[in-house]
Amino acid sequence: MQRVKKLNFLKRIGLFLAIVGPGLITASADNDAPGIATYSMAGSRYGYNFLWLLIVVTFGEVIVQETAARLGAVTGKGTADLIRERFGVKVTFFAMLCLLIANLGTTIAQFAGIAAGAELLGISRYIAVPVVSLFIGFLVLRGSYSRVEKFLLVLCLAALSYVVTAFLIKPDWGEIARAAVTPTIILETDYIFAVLATIGTTITPWGIFYMQASVVDKGVDEEDYHLTKADVVFGALWGNIISAFIIICTGAVLFTTGIQVEEAEQAAMALAPLAGEWSKLLFTTGLMGASILAAMVLPLSTVYAVTEAFGWERGLDNSRSEAPVFYGLYVAVILISVIIVLIPGIPLFPIMWLSQSMNAILLPVLLILLLKLANDKELLGKWVNKRRQNYLTIFLTILITLITLALFVIPVFNRS
Amino acid sequence: MIYISEIIDKEVWDAYGARMGKCTDILAGFSKKQFPPIVAIQVKCDDGVLKLLAASHIGTLFPSIALNVPQTKISDFEEKGNELFLKKQVLDHQIVDMEGRRVVRVNDIQIAFTQNEYVLTGVDVGNLGLLRRLGLEGFYIRIARLFGKLPQKSVIAWNDVVHIEEKDPLQLVKSKEMISRLPPADIAAILEDLDRVSGQSLMENMDNEVLADALEESPLKTQIEVLSNMDFERAADILEEMEPDEAADLLADLPTEASQNLLELMEDEEAQDVRSLLDYPPDTAGGIMTTDFGWIPENLTVIQAMEYLRRSEEAQDVEDMYYIYVLDQNEALKGVIYLRDLVMTEPEKKVDEIMNRDTISVFPTESQEEVAYFMAKYDLLSIPVIEEGTDRMLGIVTLDDAIDTVLPTAYKKRLPRFF
């Protein structure tokens with residue numbers, strides 16, 4: 001039977017462009033405010049030490065995101081749907097709690113990014129954060145944020161300045177290459193936190209849900225799946241290459257001078273070789289763009305996943321009285337985030353990256369569920385996980401669990 | 001009333017009180033009666049084997065599961081293939097609530113004992129069901145009583161729900177029939193809410209006409225997605241059933257090659273209508289008009305006019321016909337008459353005498369806002385679109401299409417979930 005979708009080569013490219021996106025977007029989000037904070041911190045404290053980890057994490061991201069995309073394409077259902085249908089209410093409740101905590105942490109981090117960015121420009125966070133959050137709430141609830149979104153995406157391109165800076169400062173590329181292939185592990189609490197943050201900001205719980213939801217939303221099916229797969233791989237490479245350059249810049253500029261990034265102002269100095277006194281502005285542009293963008297999308301997608309799992313009315317086309325949980329939870333997530341970053345004297349920069357460590361700690365719960373779903377023959381038929389994919393996912397899950405355990409065990413050893 | 005969350009995972013005892021295993025699922029049969037009977041339970045025996053036990057072996061299901069025969073005398077239950085595995089296929093899955101006309105998630109399933117058999121009575125879609133599954137129902141009720149508020153039960157009777165992830169073809173047909181009876185806008189909303197696989201299986205055998213009506217109420221993105229997954233023949237059939245203006249909008253958004261193919265497969269007359277609409281930009285009178293309207297030739301009496309309309313094949317396609325347009329032999333617009341006036345006037349009177357000659361009309365290039373403005377100003381339900389120079393009547397813009405710019409339809413407010 002001839003199908004409407006049979007297209008010639010040019011149309012195929014068009015189709016590719018229509019389907020590409022989710023993978024690229026999730027991966028670019030590696031370099032949101034918490035992402036920039038994590039890499040700046042890691043680069044300034046440990047130099048090029050983290051580059052090898054980025055390579056491991058890139059593989060992990062591809063494996064995890066590909067699984068989510070495949071589940072979406074074959075079943076046409078969201079992650080929360082599948083968890084609920086396969087595991088029942090109790091497991092769903094636990095999984096959603098993990099997701100909610102992880103995403104609340106990341107949303108707080110985004111608002112911390114907004115606060116930090118504003119203060120770099122000399123604006124008090126007590127003005128900037130409430131104003132921006134009202135602006136976000138207004139746009140999102142009115143459902144008219146698509147134009148603003150494109151503008152913010154352009155601001156995010158500021159992250160590219162790290163690439164330019166890296167070539168300007170002419171770092172020792174040999175040393176960088178060596179660092180990238182030599183795993184280094186330091187058994188101390190700060191280092192473990194940094195490792196977890198790096199994992200947690202790249203392979204995110206929300207990324208899994210977002211990826212699957214967008215694949216479903218775009219109507220990708222088995223036939224187009226190969227395009228989505230290419231999108232996932234390309235996105236992960238792109239996102240992590242930028243991440244690597246952030247580490248290279250901060251490693252070359254800050255680590256060598258012994259500055260350990262504790263606040264945004266220091267992080268901005270990594271761009272000084274390129275922009276001089278304008279580096280603050282450049283850094284703020286990227287930070288604010290990414291933070292506001294994520295603050296618009298993340299709470300909304302979280303609330304969608306939770307309400308979907310429990311079958312509560314959801315969506316912006318419902319009124320507040322029709323979908324009380326949907327709107328209530330949305331407002332709660334935003335309010336809690338705003339209040340926390342406005343606590344006087346709360347350190348913004350550590351909030352940004354520590355929230356990512358928490359992401360990583362919660363990740364194994366979702367990875368196990370994802371693994372079980374991906375092996376369900378009734379659900380996926382011939383699309384179930386290959387043995388290699390299973391091994392890699394299990395390896396990743398065990399790795400994260402071991403690192404988390406190390407976090408609790410190391411202090412005990414260091415004391416004795 | 002018993003809930004299956006209280007039965008699943010319970011231990012199963014035989015007539016001698018020997019433990020057999022755990023109940024893992026409950027099977028409902030297919031019946032024409034209002035409530036389908038429970039025909040068997042699935043038991044995971046202690047040696048790990050899954051067994052189906054016929055309902056005739058079951059003594060009680062609640063408070064504990066006891067059989068009325070010893071283990072040794074159990075005969076295997078034979079599946080007919082149309083049984084519904086309640087836990088695996090219904091619990092936690094989506095169903096369509098026919099009363100509320102929406103897609104809901106099943107939090108629990110209700111069973112009752114009537115006339116010597118257990119029957120499936122309804123599904124719990126409320127928060128109480130969720131709490132029960134979490135083991136918090138009792139706690140919650142106690143708290144609620146403390147505040148003097150009794151929680152509301154939200155159980156929907158089984159005959160008011162449609163199970164859509166159905167695999168049994170007979171049941172599937174029944175589900176489709178039930179959903180097809182809903183208003184098109186509700187069908188559209190349900191198709192939107194369903195996952196892709198269920199949605200597609202539901203649409204597969206739905207009447208082209210029903211589906212076309214539902215698609216007209218769906219966002220363009222859904223229309224394209226639905227059509228893209230069909231074979232050309234059926235897609236063309238559905239386009240024929242759609243209003244020409246809707247069909248034209250849809251075709252304009254498909255790749256040129258696909259829309260050309262579809263137009264060739266459509267009946268000539270319908271394809272012609274759609275082709276002429278495709279020439280106009282989408283936000284002009286020409287772009288939003290429909291070519292289906294009621295018209296009569298000049299010089300008829302009232303009774304002839306009504307007879308003409310009744311026999312006119314074109315008029316059969318018209319959905320709302322409040323105005324009848326009078327055209328001369330060149331199809332130029334001469335006047336308009338309200339259907340009401342046609343009905344209320346003596347049959348022998350000439351239409352030309354009672355029709356309104358100063359018809360408000362627009363050219364196809366007029367902007368959509370301008371059209372909406374005219375319709376509001378002159379209180380019109382539809383406005384004729386005529387060719388510049390010749391006055392040839394091309395179509396009408398109906399009120400709902402004109403006000404789309406001013407007052408977007410519900411679905412337009414619904415935004416993509418993510419960016």
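The residues of the stretch B:276-309 that are closer than 30 Å to residue B:373 by Cβ and of a type in the set (Val, Ile, Thr), listed by number, are B:284, B:288, B:290, B:291, B:296. Filtering the stretch B:229-257 to residues that are buried (at least 20 other Cβ atoms within 10 Å of the Cβ) and without any contact (Cβ under 8 Å) to a residue 12 or more places away in the chain leaves only B:230.
I'd like to check something: does the stretch B:276-295 contain any residue that is assigned to a helix (DSSP H, G or I), surrounded by fewer than 19 Cβ atoms within 10 Å (Cβ to Cβ) and within 12 Å of chain A (Cβ to nearest Cβ)? Within the stretch B:276-295 (the criterion being assigned to a helix (DSSP H, G or I), surrounded by fewer than 19 Cβ atoms within 10 Å (Cβ to Cβ) and within 12 Å of chain A (Cβ to nearest Cβ)), the answer is no, since none of the residues qualifies.
Could you pull out every one of the helices (runs of 4 or more DSSP H) wholly within the stretch A:313-416 that has 1 or more residues that are without any contact (Cβ under 8 Å) to a residue 24 or more places away in the chain and more than 19 Å from residue A:200 (Cβ to Cβ)?
On the way: elements: A:324-342, A:348-374, A:377-380, A:387-415.
Fully inside the stretch A:313-416 and qualifying: A:324-342, A:377-380, A:387-415.
Here residue A:245 passes the criteria (1) outside any helix (DSSP H, G or I); (2) touching a Phe, Trp or Tyr at 6+ places or on another chain (Cβ under 8 Å); (3) not charged (D, E, K, R) except the one numbered (1).
A single entry from B:126, B:122 fulfils the requirement of being touching a helix residue (DSSP H, G or I) at 6+ places or on another chain (Cβ under 7 Å), surrounded by 14 or more Cβ atoms within 10 Å (Cβ to Cβ) and small (Gly, Ala, Ser): B:122.
Quick grid of which residues meet (1) surrounded by fewer than 18 Cβ atoms within 10 Å (Cβ to Cβ); (2) under 30 Å from residue A:212 (Cβ atoms); (3) within 14 Å of chain A (Cβ to nearest Cβ):
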{"position": "B:164", "(1), (2), (3)": "no, yes, yes"}
{"position": "B:172", "(1), (2), (3)": "no, yes, no"}
{"position": "B:182", "(1), (2), (3)": "no, yes, no"}
{"position": "B:189", "(1), (2), (3)": "no, yes, yes"}
{"position": "B:194", "(1), (2), (3)": "no, yes, yes"}
{"position": "B:198", "(1), (2), (3)": "no, yes, yes"}
{"position": "B:203", "(1), (2), (3)": "no, yes, yes"}
{"position": "B:207", "(1), (2), (3)": "yes, no, no"}
{"position": "B:211", "(1), (2), (3)": "no, yes, no"}
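Annotation note: of A:297, A:303, A:341, A:325, the sole residue that is crowded, with 18+ Cβ neighbours inside 10 Å and facing another protein chain (nearest Cβ under 10 Å) is A:297.
From the residues in the stretch B:85-104 that are assigned to a strand (DSSP E or B) and touching a Leu at 6+ places or on another chain (Cβ under 9 Å), which one is surrounded by the fewest Cβ atoms within 10 Å (Cβ to Cβ)? It would help to see each step written out before you state the result.
Our first condition is that a residue be assigned to a strand (DSSP E or B); within the stretch B:85-104, this holds for B:85, B:94-97, B:102-104.
Checking which are touching a Leu at 6+ places or on another chain (Cβ under 9 Å) leaves us with B:85, B:94, B:96, B:103.
Values: B:85: 15, B:94: 23, B:96: 25, B:103: 21.
Checked the stretch B:85-104; the qualifying residue surrounded by the fewest Cβ atoms within 10 Å (Cβ to Cβ) is B:85.
Selection over the stretch B:75-95 of residues that are out of contact with any Phe, Trp or Tyr (no Cβ under 7 Å at 6 or more places or on another chain), touching a residue at least 60 places away in the same chain (Cβ under 8 Å) and more than 14 Å from chain A (Cβ to nearest Cβ) gives a count of 2.
Residues of the stretch B:105-148 that are of a type in the set (Gly, Ala, Ser) and away from chain A (no Cβ under 14 Å): B:112, B:122, B:138, B:144, B:148. Contact map, the stretch B:363-383: first residue closer than 11 Å to residue B:396 by Cα, second residue in a strand (DSSP E or B) and among the small types (Gly, Ala, Ser), Cβ cut-off under 9 Å, separation 6 or more or different chains; pairs are B:364/B:395.
Going by the structure shown, is residue A:316 hydrophobic (A, V, I, L, M, F, W, C), farther than 22 Å from residue A:351 by Cβ and touching a Gly at 6+ places or on another chain (Cβ under 7 Å)? I'd like the intermediate steps shown before the answer.
On the way: hydrophobic (A, V, I, L, M, F, W, C): yes; farther than 22 Å from residue A:351 by Cβ: yes; touching a Gly at 6+ places or on another chain (Cβ under 7 Å): yes.
For residue A:316, the condition - hydrophobic (A, V, I, L, M, F, W, C), farther than 22 Å from residue A:351 by Cβ and touching a Gly at 6+ places or on another chain (Cβ under 7 Å) - is met.
Bear in mind these aren't lab numbers, they're just calculated from the coordinates by the rules spelled out. Just so it is clear, the model here is predicted, and its values are computed rather than measured. Neighbour counts run over all protein chains shown; Cβ positions are idealised from the backbone, glycine included.
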